[in-house]
Amino acid sequence: MLAASGRPQSNQSSARFHSPSPAGYTVVLLQPGKTELSILGLVDCPEMEGTQRVSEGIKAFLISADGERLKHYPREFSFRVTATLRKTLIDGPTETFATKYDPKEFLLKLRFKLKAYNGLERQDIFPKAVKLIGMPSDVSYDERIFRVTFNVENLPISDRIVLQVLSPEDQELTHFPFGLL
């Protein structure tokens, strides 16, 4: 890219990362009851607020809001996941999933796992904590919000990560990829 002076530009910066930041959504049809389940993901990592990607030619790196070059993800990395039986999205289901659980019970039994990819190598990371936000689990309710926290100490910022949302049967319902480089 050329600068206004006609000389090649040495680096380009992208927009700053804000937390929480949308990670995506999926609508799944639970069978046999034909109940729509919407799953919405947010990256919820205040420690990365203001982080910016900078490109220098074919190389890229991240700079924190303080101006420091980042080499690793923060020690704790969190997602907020909303699983709801309410019709909140216009999109219809893209997948069908059979379960023996009542839909409201199904919500409470969701599981999570993080996959970190460095090239072709993959590492599975299990949550340090899964906290139910909002309605307590002993109250029957059609929506559950989870804060899922992972310990990713020394995970290189160049790794791509994917949050998996798993059924009570340990099958993937959806996933939310996240990468900054």
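Looking at the stretch 155-166, is at least one residue within 28 Å of Asn118 (Cα to Cα), among the hydroxyl-bearing types (Ser, Thr, Tyr), out of contact with any helix residue (DSSP H, G or I) (no Cβ under 9 Å at 6 or more places or on another chain) and surrounded by 15 or more Cβ atoms within 10 Å (Cβ to Cβ)?
Yes, there is a match, as at least one residue in the stretch 155-166 is within 28 Å of Asn118 (Cα to Cα), among the hydroxyl-bearing types (Ser, Thr, Tyr), out of contact with any helix residue (DSSP H, G or I) (no Cβ under 9 Å at 6 or more places or on another chain) and surrounded by 15 or more Cβ atoms within 10 Å (Cβ to Cβ).
To keep it simple, each residue is scored yes or no on (1) within 17 Å of the chain's Cα centre (by Cα); (2) at pLDDT below 90; (3) within 17 Å of Arg144 (Cβ to Cβ).
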residue	(1), (2), (3)
Thr26	yes, no, yes
Pro32	no, no, no
Pro46	yes, yes, no
Glu49	yes, yes, no
Phe61	no, yes, no
Ser78	yes, no, yes
Ala98	no, no, no
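Modelled with pLDDT of 90 or more, of a type in the set (Val, Ile, Thr) and closer than 27 Å to Thr88 by Cα, is that true of Ile133? Here the answer is yes, as Ile133 does meet what is asked. A Cβ distance below 9 Å, combined with a sequence gap of six or more or placement on separate chains, defines the contacts here; from the stretch 30-57, residues that are without any contact (Cβ under 8 Å) to a residue 60 or more places away in the chain and under 25 Å from Gly92 (Cβ atoms) reach residues that are basic (Lys, Arg) and crowded, with 18+ Cβ neighbours inside 10 Å in the pairs Leu40/Arg80; Leu42/Arg80. Take the conditions at pLDDT 95 or above, of a type outside the set (Lys, Arg) and in a strand (DSSP E or B) and apply them to Leu107. Does it pass? Answer is no for this residue.
When the stretch 116-153 is limited to residues that are small (Gly, Ala, Ser) and part of a strand (DSSP E or B), the one that is nearest to the chain's Cα centre (by Cα) turns out to be Ala116. Can you tell me which residue is surrounded by the most Cβ atoms within 10 Å (Cβ to Cβ) among those in the stretch 167-181 that are of a type in the set (A, V, I, L, M) and part of a loop (DSSP other than H, G, I, E, B)? Within the stretch 167-181, the match that is surrounded by the most Cβ atoms within 10 Å (Cβ to Cβ) is Leu180. Among the residues of the stretch 123-134, those identified as at negative phi and loosely packed, with under 14 Cβ neighbours inside 10 Å are Gln123, Asp124, Phe126, Ala129, Lys131, Leu132, Ile133.
The values are calculated or read from the model by the stated rules, or taken from the named source; none is laboratory data. Note that the structure is predicted; figures quoted are calculated from it, not measured. A quick note on method: Cβ atoms are made from the backbone with ideal geometry, for glycine too, and the neighbour counts reach across all protein chains shown.
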